[in-house]
Amino acid sequence: MKIGILLSGRGSNFKAIKAAIDKGEINNAEIAVVISNKADAQGLAYAAECGLKTVYLNHKDFDGREAYDREIVKHLNEAGVDLVCLAGFMRIISPYFVEQYRNRIINIHPSLLPAFPGLDAQKQALDYGVKFAGCTVHFVDEKMDNGAIILQKCVPVTDDDTAETLSARILEQEHRAYPEAVRLIAEGRLKTEGRHVKIL
């Protein structure tokens, strides 16, 4: 299975996926291309250092979201990508992109969806006063943070948590959940029925 990574920043979840592949925890999978909309993204630099194929595409050079996504899809197709992993890609993808890779795009979000979609999910959780938070790996559809849920990991919220401390604990779980979801897909162990994703 060939994986395409899309990122905008440090790429810590990309690194977690790559480490799991390198350690043999994910078999029959390889990272075929890493694409970023930020030239100075740390994740892009790391991918280049690892000898992976990298692509920088500035979204400001394109006339609208779909035009940009068409160029991304072209690069994914050229690399023979089977699965797209959004790893801190700070752009909402277009319906065109979703349709080209229907049920083959996954994302990780730092909340227990459907609670607290969008930005600053950890702060949203603290402001709401929840006792547990976590992360969700989900398929991507046309709506933000909405697709069918693959895996969730839970962390307790303490009385003295800040957005930073909670984010750090959630991130530890993200680095476990995302590679696990990729492994299940690579092994053909997921069955999706509507919103329900069964692990076989």
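Return the residues of the range 111-122 that are assigned to a loop (DSSP other than H, G, I, E, B) and either open to solvent by less than 20 Å² (accessible area, probe 1.4 Å) or of a type outside the set (Gly, Ala, Ser) (or both); say none if nothing qualifies. Listed by number, the residues that qualify are SER111, LEU112, LEU113, PRO114, PHE116, PRO117, GLY118, LEU119, ASP120. From the set of residues in the range 73-110 that are over 17 Å from LYS143 (Cα atoms) and acidic (Asp, Glu), which is surrounded by the most Cβ atoms within 10 Å (Cβ to Cβ)? Step by step, filter the range 73-110, then rank; the result is ASP82. Here the range 124-166 is the region considered, the condition is being assigned to a loop (DSSP other than H, G, I, E, B) and open to solvent by 80 Å² or more (accessible area, probe 1.4 Å), and the residue that is nearest to MET90 (Cα to Cα) is MET144.
Scan the range 175-196 and tell me whether some residue there is assigned to a loop (DSSP other than H, G, I, E, B), polar (S, T, N, Q) and touching a residue at least 24 places away in the same chain (Cβ under 8 Å).
The answer is no; no qualifying residue exists.
To keep it simple, each residue is scored yes or no on (1) open to solvent by less than 40 Å² (accessible area, probe 1.4 Å); (2) touching a residue at least 24 places away in the same chain (Cβ under 8 Å); (3) under 24 Å from VAL137 (Cα atoms).
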site: ASP22; (1), (2), (3): no, no, yes
site: ALA29; (1), (2), (3): yes, yes, yes
site: ALA45; (1), (2), (3): no, no, no
site: ALA48; (1), (2), (3): no, no, no
site: ASP61; (1), (2), (3): no, no, no
site: GLU71; (1), (2), (3): no, no, no
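The values are calculated or read from the model by the stated rules, or taken from the named source; none is laboratory data. Source: prediction; values computed, not measured. Glycine also receives a Cβ, built like all others from the backbone with ideal geometry; neighbour counts cover every protein chain displayed. To get the accessible areas, we keep the full protein, side chains included, count just its heavy atoms, and leave off ligands, DNA and RNA. Shrake-Rupley method; radii C 1.70, N 1.55, O 1.52, S 1.80 Å.
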